[in-house]
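Each value in this text was obtained by applying a stated rule to the coordinates, not by laboratory testing. Small disclaimer: the values here were computed from a predicted structure and weren't measured. Here Cβ is always computed from backbone atoms with ideal geometry, including for glycine, and neighbour counts include all displayed protein chains.
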Amino acid sequence: MRKAAGIALVVAIMLTMSSCSMGDLPPVSSTVLLDKVDTTVLGNEFSYPGAQNPEITSSIVRLEPGAETGWHFHEAPMYAYILEGTLEVTYDVEGTMVTKTYAQGDAIMEGLDTPHIGKNLTNRPVSILVVNMGSSDLANSVPLDAPEQ
C-alpha cells in the first residue's frame with residue numbers, strides 16, 4: 001500500500017512538471033555581494049583558521065534605534081551584509097579610533113582581532129546578515145571593556 005502511494009505521488013509530480021513549460025518558470029538571478037575579497041574593511045589580509053574543526057555560523061543581527069554592540073573583536077573571518085538601516089562602527093586600530101559607516105546593501109569582511117563597536121545612531125532598525133567562518137577553537141565574537149582614551 002505504501003509503495004503504491006509513493007508511485008502515485010511520483011506520477012502526480014511528473015504530470016505536474018510536464019504540464020509546465022520551461023518558459024513559465026521565473027528566471028533565476030544572482031547578485032554578487034562580495035567578489036574574491038582578500039582584505040578586511042581595514043585593509044588587512046586574512047586567512048581561514050588552521051583548525052581541525054571548521055564551523056560556519058550565520059545569523060541576523062538586529063540593532064534597534066540607539067542600540068550598540070558593545071566593544072568586541074573577532075578571532076575568525078566574518079562576512080557581513082547590511083540588510084536594512086545604517087550602522088556606524090568605530091575601530092580601535094592600535095590606539096587610533098577609525099569610524100566607518102555601512103548602509104543597506106553594503107557587504108564587508110570585518111576586521112580581525114581589532115576591537116570595535118557598532119552603533120545604530122538612526123531612528124530606524126539595523127539588520128545585518130552575519131556569517132562567521134571559524135572553528136570550535138575560535139570565538140566568533142569576544143566581548144571587551146571599552147578602550148581607554
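The table below gives the values:
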| item | result |
| --- | --- |
| Environment charge of Tyr81, counting only residues whose C-beta is closer than 14 Å and scoring Lys/Arg +1, Asp/Glu -1 | -3 |
| Around Val98: net Lys/Arg minus Asp/Glu count, Cβ-Cβ under 15 Å | -3 |
| GluC sites (Glu not before Pro) restricted to the stretch 45-149 and DSSP loop, no more than 13 other C-beta within 10 Å | Glu94, Glu148 |
| Neighbour-count order for Thr69, Thr57, fewest beta carbons within 10 angstrom listed first | Thr57, Thr69 |
| The stretch 54-143: projected area of the alpha-carbon convex hull, averaged over directions, in nm² | 5.3 nm² |
| Net charge over other residues, Cβ less than 15 angstrom from the Cβ of Asp145 (K, R count +1; D, E count -1) | -3 |
